[in-house]
Every structure is written in C-alpha cells, then in structure tokens.
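S.K.: My questions all concern the structure below.
The values are calculated or read from the model by the stated rules, or taken from the named source; none is laboratory data. As the structure is a computational prediction, the values presented were derived from the model and not from experiment. Quick reminder, even Gly has a Cβ in these numbers, built from the backbone with ideal geometry, and neighbours come from all protein chains shown. Accessible surface is based on the protein model in full, side chains and every heavy atom, while ligands, DNA and RNA are left aside. Shrake-Rupley method; radii C 1.70, N 1.55, O 1.52, S 1.80 Å.
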Amino acid sequence: MRLMFTEVHLRKPRSTTLIVLLASVWLAVAGNLALWQTLHQLPDIVGFEGFVFSVALALIIASAITTVLSLFAWRWTLKPVISILLLLAAFASYYMLMYGIVVDTPMVINVFQTDVREARDQLSWQLLFCVFALALLPMVWLWPQALIRATWRQQLLRNLALCVGGVVVMFGTTQLVFQDFSSLMRNYTDLRYKFNPLNSVYAVLDLTVIPSEAPSGPLQPLGLDAQITARTGALPQRPPLLVMVVGETARSQNFSLNGYARTTNPLLAKENLASFTQVSACGTSTAASLPCMFSHLGREAFNARTQNFENLLDVLQRAGYAVLWIDNQSGCKDQCARIPSINTSALKVPEHCENGECRDTVMLTQIEEALAKQPAERRARGTVVVMHQMGSHGPAYFKRTPDAFKKFTPECTDTSLSQCDRQQIVNAYDNTIVFTDHFLSQVIVWLKRQEKTATPAMLYVSDHGESLGEKNIYLHGMPYSLAPPEQTQVPLITWLSPEFEQLSRVSTRCLQNQRDKPLSHDHLFHSVLGLMAVKTTAYQRELDFFAPCEGR
Ligand SMILES: [Zn+2]
C-alpha cells in the first residue's frame with residue numbers, strides 16, 4: 001500500500017502539451033548557445049532593442065520546434081523524438097561553438113561518412129560535457145515522467161491545438177520583428193544554418209524525405225570511344241607512369257611554393273616543377289569535392305546533374321591504361337568502384353604506422369607489389385596511380401606528423417582547437433604541410449627510380465582547403481557560396497620527368513609561366529586525359545591546362 005502511494009506520488013502525470021512546451025524552450029534557449037553568441041557579436045544587435053529582438057527570435061525558434069513536436073506528441077513517440085532533438089542540438093552546438101561551423105546538408109553527409117578513426121580524433125572532454133549538459137541531463141528528467149493518459153481522439157485534438165498555436169505564435173512574432181528579421185537574414189546568410197536543432201532536422205529531411213533532383217537511374221558510361229593516341233617522332237619507348245596524388249585539407253596559401261612566408265616546402269622547392277597559385281576546389285569537403293574532381297562535368301554542371309556518369313579513371317581504363325587507386329584515408333567515395341584499389345590506412349608497416357594510423361609514405365611501400373598485379377598488356381601501354389592522402393586532416397593536425405617533421409612549435413595537441421592559441425594551431429597545421437612536402441618529394445624520388453622502365457610524372461592537387469581560425473572559423477565544409485578562400489583555394493603541383501616532357505611535348509618551364517592563371521578542379525578531368533594522350537569526345541581541349549604548353 002505504502003509502495004503504491006509513493007509510486008503514484010513520484011509519477012504525477014504530466015500533459016504532453018507541457019512536455020512539448022518545456023522541451024521547445026530548452027532547445028530554443030540552451031540548444032542555441034552558439035546562435036546567441038553569434039548574435040551577441042553582431043553590430044546590428046545592441047542594447048535593449050537587441051535584447052527584445054533576441055527574445056523574439058528565441059520565441060520564433062521555440063514555436064517552430066513546438067510545431068514540429070506537435071506532430072510527434074503521442075504517448076510512444078514523444079520522448080524518443082525529444083531525445084533525438086536534444087542529441088542533435090548538443091552535437092551541433094559543440095561543433096558550432098568550437099569550430100564556427102554551420103549545419104547544412106553536405107555537413108550531415110560528412111558526418112555519415114566519417115569513419116571510426118576520424119570520429120576518435122574529434123572526441124574530447126568538451127564534447128562529452130556539451131552532450132551531458134545539453135542532452136543527457138534533460139533526458140534524465142524527461143524519461144521517468146508519466147504522461148496523462150488520453151484517448152486518441154483527445155490526444156489528436158490537443159496535438160492539433162498545439163500545432164496551430166505553434167504556427168500562430170511563430171508567424172505572429174515574425175511579423176512583429178519582420179524588418180529586423182529579414183535584414184538580418186539577408187546580411188548574414190549563414191545564420192539560417194545556425195538554428196538548432198531545426199538545421200539538423202532540415203538537413204536530415206533534405207537527405208531522406210524531401211524529393212531532390214539528386215541524380216537517379218543507371219550509371220551513364222563515359223568516353224566509350226576513348227583511345228590512346230599514337231605519339232609520333234623520336235620518343236622514349238618506355239610507357240608513361242603518372243602518379244596523381246589527391247591531397248587532403250591542404251590549403252594553397254600555406255605552401256611556400258605559393259608564397260607562404262614559412263618554409264613549408266623545403267624539398268619540393270629543389271625540384272623542377274610547376275605550382276599553380278590560383279586553383280579553386282569543387283567543394284569544401286571530401287564528400288563534395290572528390291566525385292566532382294574526377295567528373296567531366298565541372299562544378300556547376302556536376303551539382304545540377306540529373307544522372308550519374310562514369311569518371312576520369314573509367315575513361316583512362318577504357319582507353320587501355322592500367323589504373324590503380326591507393327587509399328590511405330577513409331575511402332575513395334565511390335571513385336575507384338570499377339578499378340583496382342587497395343587501402344593502406346590500417347596496415348602495420350613499421351616506421352610508417354603507429355597507433356592505428358599510417359603515414360602517407362606507407363603507400364610507397366605497397367605500390368610496387370600492387371602494380372605488379374596489374375595486367376601486363378595494360379602496363380605496357382602506361383599506368384595511372386591515384387594516391388589518396390591522409391594529408392592535413394583535422395582537427396587533430398598534430399597526429400598527422402612524425403616527430404622529425406615538427407618544425408614549427410609549440411603545436412596545439414588538443415582535439416578541440418578552441419583550447420589552443422591560434423599560433424599553436426597554425427604550427428600544427430604547417431607541420432602537416434611540411435610532411436606532405438616530404439611525402440610528395442618521396443613520390444618523386446620513387447618515380448625517378450622507375451625511369452629505366454617507365455616515363456614518369458606526378459600531379460598533386462588537394463580536395464579542399466581549411467579554415468584555421470580566420471574570422472573564428474575552423475575546419476572546412478562551409479556551404480560553397482559562403483566559404484572563405486581558405487577553404488576553397490587548393491595547391492596544384494605538376495612534376496614531369498625530362499622524358500615525360502619529351503613524350504607529352506609539355507614543358508614545365510611553360511607551365512611555370514602560367515602558374516598564376518586561374519584554374520579549378522573543373523580542369524582536372526580534361527588535363528589528365530590530355531597529358532595521357534587519350535582521345536575521346538568527352539575531352540574538352542579548352543579545359544586542358546597542359547594544352548597551351550604543348551609543343552612550347
Ligand atoms: Zn577532404
């Protein structure tokens with residue numbers, strides 16, 4: 001009897017409406033610390049008026065959340081749905097507060113594609129605290145709550161009232177502050193990606209439910225007519241060997257080859273190569289850039305495409321070359337689906353691998369064995385190898401470089417960058433570029449050793465750049481139209497052996513003279529086909545940056 005009494009006393013049932021309202025207020029206020037912090041720093045939001053506006057904005061967000069929750073305010077769905085929103089808001093808050101990022105659809109795609117190692121790099125006490133305070137604490141309160149029982153008819157009426165109430169308050173408040181609201185949204189376009197957890201909900205819906213113009217249907221073949229052109233004249237008889245290095249998170253401005261004040265490219269500087277200074281990436285994340293880099297379409301057409309096409313590597317393979325993808329990262333994002341590939345990131349090669357991660361140089365320990373397995377008749381025509389680097393992958397830059405390459409100190413050794421001095425973050429990042437310099441020069445050393453049997457060349461280009469605290473923004477993945485140049489400007493370096501210059505008739509000296517020409521990932525497909533003398537209708541000579549240097 002006594003037990004029953006206590007139980008009843010402890011679990012005083014609450015109405016779903018009350019729970020929805022409390023959750024909405026908590027999510028709007030506590031779940032949006034990053035938004036309030038941003039607003040606080042804006043020159044337009046000051047004094048008492050600014051405070052009133054902020055309250056109105058909180059009310060708009062809370063009523064929008066109420067409207068969403070009213071759809072789920074049923075006995076068995078309310079608590080799980082609130083819990084999901086709390087977790088989304090907590091994770092998003094952490095990344096927004098620590099790295100100044102925004103939550104949009106590509107960012108959510110990135111999260112889904114993150115592998116265990118990348119996730120482990122980002123784990124920190126600050127993240128655990130954020131999830132604990134913003135999500136777990138309210139969940140601990142929420143789950144034991146008993147809900148007032150109602151017939152489905154009663155519940156439907158309550159939910160409808162809640163929904164209508166939410167919509168009315170949302171539009172009413174928006175009307176009241178419409179002038180300020182609309183000018184704010186116009187002036188600070190990235191703010192709309194900062195409304196937690198509506199931004200995450202929208203991005204997830206955008207990916208799953210909202211009908212998109214995402215490409216559909218079967219994969220379209222490309223370059224069915226691809227052939228290797230017979231080169232004429234007194235040429236090297238050894239087949240071409242191109243190593244295409246796909247960099248990770250390397251930004252152009254931190255390469256001393258491109259004018260950076262620190263010597264981050266001491267080894268490459270000794271080689272006869274061309275480094276292009278004005279190269280734009282196709283996207284601001286690996287998931288967005290990689291498929292676009294290997295596509296024949298170029299950035300705009302790629303984003304607007306209604307069908308999926310085969311890529312550069314399919315065309316090279318179809319022309320008759322041996323093609324191989326070596327991955328030292330989380331995968332090729334489907335780019336190597338139809339060509340031979342190996343992954344080196346989890347190998348246990350002494351000197352190259354430690355703590356479950358391999359340095360990019362590990363790829364050179366595997367390349368000969370992997371190439372030997374490729375068909376001899378293809379290798380006799382020529383070979384293209386893609387090496388996908390771990391490069392400068394953040395935020396744990398310090399984990400990417402062995403001690404011998406830590407040229408700039410002290411380094412930031414905390415995975416949540418906001419705990420470090422900006423200079424320490426830049427130091428750790430620059431060391432990753434120094435290591436990439438070492439890796440690329442080792443690739444060139446290896447290529448030179450192949451000169452007895454092949455005619456070697458290297459092409460290096462990064463997938464996207466990185467923000468290192470400029471305007472308080474860190475990492476990458478901003479929507480392209482809002483992204484700062486730090487995230488979109490990437491290094492592009494070509495090294496051609498003298499024999500390759502002879503074979504392709506492209507001179508490095510001429511390329512060096514063109515180094516400040518504006519280029520982009522759009523040029524990659526056509527330039528590689530041009531360099532490898534592949535003739536096909538898919539090739540566009542005006543997008544081949546080697547073409548103007550041919551025969552000069
Ligand atoms: Zn990337």
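S.K.: Roughly what angle does helix 422-449 make with the longest principal axis of the chain, taking Cα atoms, 0 to 90 degrees, to the nearest 10?
M.R.: Tilt of helix 422-449: around 30 degrees.
S.K.: At a 1.4 Å probe, what is the % contribution of carbon and sulfur to the accessible area of the chain?
M.R.: That fraction is 60 percent.
S.K.: Cβ neighbours within 10 Å, averaged per peptide: list 385-397, 304-316 in order, most packed at the top. Working shown, then result.
M.R.: Details: 385-397: 25.2, 304-316: 19.5.
Top to bottom by mean Cβ count within 10 Å: 385-397, 304-316.
S.K.: Here's another thing I want to ask about it. Long-range amide H contacts for residue 14: which residues qualify at under 5 Å (H placed 1.01 Å from N, peptide plane, sequence gap of 5 or more or a different chain)?
M.R.: 146, 147, 148
S.K.: Based on Cβ point charges of +1 for Lys and Arg and -1 for Asp and Glu, what charge dipole magnitude is obtained for the range 314-393 about its Cα centre, in debye rounded to the nearest 20?
M.R.: Values: 9 positive and 10 negative charges, 81 e Å.
Charge dipole, the range 314-393, about its Cα centre: 380 debye, nearest 20.
S.K.: Provide the net charge surrounding residue 486, with neighbours chosen by a C-beta distance below 10 Å and charges set as Lys +1, Arg +1, Asp -1, Glu -1. Intermediate results must be reported in sequence, preceding the final value.
M.R.: Working: positive: 251, 471; negative: 466, 470.
That sum, taken over residues with Cβ under 10 Å, equals 0.
S.K.: Shifting gears a bit: Counting only other residues whose beta carbon sits under 10 Å from that of residue 225, what net charge do I get with K and R as +1, D and E as -1? Please list the in-between numbers first.
M.R.: On the way: positive: 318, 535; negative: none.
With Lys, Arg at +1 and Asp, Glu at -1, the neighbours total +2.
S.K.: Now, a different point. So if each residue of separation counts as 0.36 nm, and I subtract the Cα-Cα distance between residue 46 and residue 453, what length gain in nm does that give?
M.R.: 139.5 nm
S.K.: Tell me, Kirkwood radius of the chain from alpha-carbon pair distances, in Å? Don't skip to the answer; put the middle values down first.
M.R.: Details: mean 1/r = 0.0384 Å⁻¹.
Answer for the chain: a Kirkwood hydrodynamic radius of 26.1 Å.
S.K.: Amide H neighbours of residue 352 under 5 Å, counting only residues 5+ apart in sequence or on other chains, H built in-plane at 1.01 Å?
M.R.: Amide H neighbours of residue 352: none.
S.K.: Right, here's the next one. Could you work out how far apart the two model spin labels at residue 512 and residue 219 are, taking each label as a point 7 Å from the Cα in the direction of the beta carbon, and quote it in nm?
M.R.: Result for the modelled spin labels: 4.1 nm.
S.K.: Kindly work out what percent of the DSSP beta bridges joining two residues of the chain are antiparallel, to the nearest 5.
M.R.: Numbers: 17 of 44 bridges.
For the chain, the DSSP antiparallel bridge percentage is about 40.
S.K.: Given Cα pairs under 8 Å that are at least 6 residues apart, what percent is the relative contact order of the range 51-207?
M.R.: Numbers: 112 pairs, mean separation 79.6, N = 157.
The value is 51 percent.
S.K.: In addition: Pairs of alpha-carbon atoms within less than 8 angstrom and 6+ residues apart define the contacts here; what relative contact order does the chain have, in percent? Numbers along the way, then the final one.
M.R.: Details: 952 pairs, mean separation 113.1, N = 552.
Reported as a whole number, the value is 20 percent.
S.K.: Please label the shape of the range 320-371 as rounded, prolate or oblate, based on the square roots a ≥ b ≥ c of the eigenvalues of the alpha-carbon gyration tensor (a/c under 1.5 means rounded; beyond that, a/b larger than b/c means prolate, else oblate).
M.R.: Numbers: a/c = 3.42, a/b = 1.62, b/c = 2.11.
It comes out oblate by the Cα gyration axes.
S.K.: Tell me the per residue accessible area of the range 187-237 using a 1.4 Å probe; a whole number in Å² is fine. Show your work: numbers first, answer last.
M.R.: Numbers: 3200 Å² over 51 residues.
Here the per-residue accessible area is 63 Å².
S.K.: Could you tell me the center-to-center distance, by alpha carbons, between the range 125-147 and the range 327-367 in angstrom?
M.R.: A separation of 39 Å, based on Cα centres.
S.K.: What net charge do the residues around residue 39 carry, taking every other residue with its C-beta under 12 Å from that of residue 39, with Lys and Arg at +1 and Asp and Glu at -1? Working shown, then result.
M.R.: Numbers: positive: 194; negative: 44, 180.
That sum, taken over residues with Cβ under 12 Å, equals -1.
S.K.: For the range 55-95 and the range 482-552, what is the centre-to-centre distance using only Cα atoms, to the nearest Å?
M.R.: 50
S.K.: With the other protein chains left in place, how much accessible area per residue, in square angstrom, belongs to the range 412-516 at a 1.4 angstrom probe?
M.R.: Values: 3560 Å² over 105 residues.
Here the per-residue accessible area is 34 Å².
S.K.: I would also like to ask the following. Extending each Cα 7 Å along its Cβ direction at residue 404 and residue 189, get the distance between those two points in nm, one decimal.
M.R.: Those two pseudo-labels are separated by 4.7 nm.
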